[in-house]
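This report concerns only the one structure given below.
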């Protein structure tokens, strides 16, 4: 049986601000995946402020080869791949482990971007960009390889009350899904899950859940996905 060695190159990009309310600490940025084709990253989120805070982690962007999957872990809980976000409450000086599990299916490359942020202040954040690479397939650097099947052009107004429009450009005829989640990762509403012809499009959300009940004010996350490419953005509902 062929054995593959996958190395997950992990780079962290921080906003170097003095007023960050939390720290992200980890030991290694290179994760080797053995013959079981599973890679594991673990770090710690530490509340460095003088107050209690709620921290959210969202999958901001995911591009993986067919058959690959990933999971976010906070504390002892690892979420299903369909869950794009998770959150945790941290008291003063508290900490929690942050993990990313990746399951490869043979050779290939992929990219995952995570946004770790203070829910009360979304700009108080750290962006993590993970690169999966077997060093044998040069997909990401191939000028003919373009995994991005769509582009979100804008979501406006943001903050909003009670309607928001999500504008995007679909590069080819594809099946597209658009879902809304709250800050804890709970699914709120499915806005679209159909095939759509290419071109500039817009989808509106009226701040209701799948039962058409109004939702409460706060931070929400929408996730748009075409095939294996997925983008996630934060929006804020005011009342």
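The values are calculated or read from the model by the stated rules, or taken from the named source; none is laboratory data. For clarity, every value in this text was computed on a predicted model and none was experimentally measured. Counting neighbours? That spans all protein chains shown, and the Cβs are built from the backbone with ideal geometry, glycine included.
Numbers below:
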{"item": "Qualifying residue in the stretch 112-128 (condition: touching a strand residue (DSSP E or B) at 6+ places or on another chain (Cβ under 9 Å), surrounded by fewer than 16 Cβ atoms within 10 Å (Cβ to Cβ), modelled with pLDDT of 80 or more and more than 22 Å from residue 234 (Cα to Cα))", "result": "no"}
{"item": "Selection from the stretch 166-195 of residues that are farther than 19 Å from residue 151 by Cβ and not in a strand (DSSP E or B)", "result": "183, 184, 185, 186"}
{"item": "Selection count, the stretch 196-213, where residues are exposed (fewer than 14 other Cβ atoms within 10 Å of the Cβ) and either modelled with pLDDT of 95 or more or not in a strand (DSSP E or B) (or both)", "result": "9"}
{"item": "Residue in the stretch 152-163 that is outside the structural domain of residue 55 (by TED's automatic domain parsing), under 24 Å from residue 129 (Cβ atoms) and exposed (fewer than 13 other Cβ atoms within 10 Å of the Cβ) present", "result": "yes"}
{"item": "Matching entry among 67, 91 (being surrounded by fewer than 17 Cβ atoms within 10 Å (Cβ to Cβ), in contact (Cβ under 8 Å) with a residue 24 or more places away in the chain and on the phi > 0 side of the Ramachandran plot)", "result": "67"}
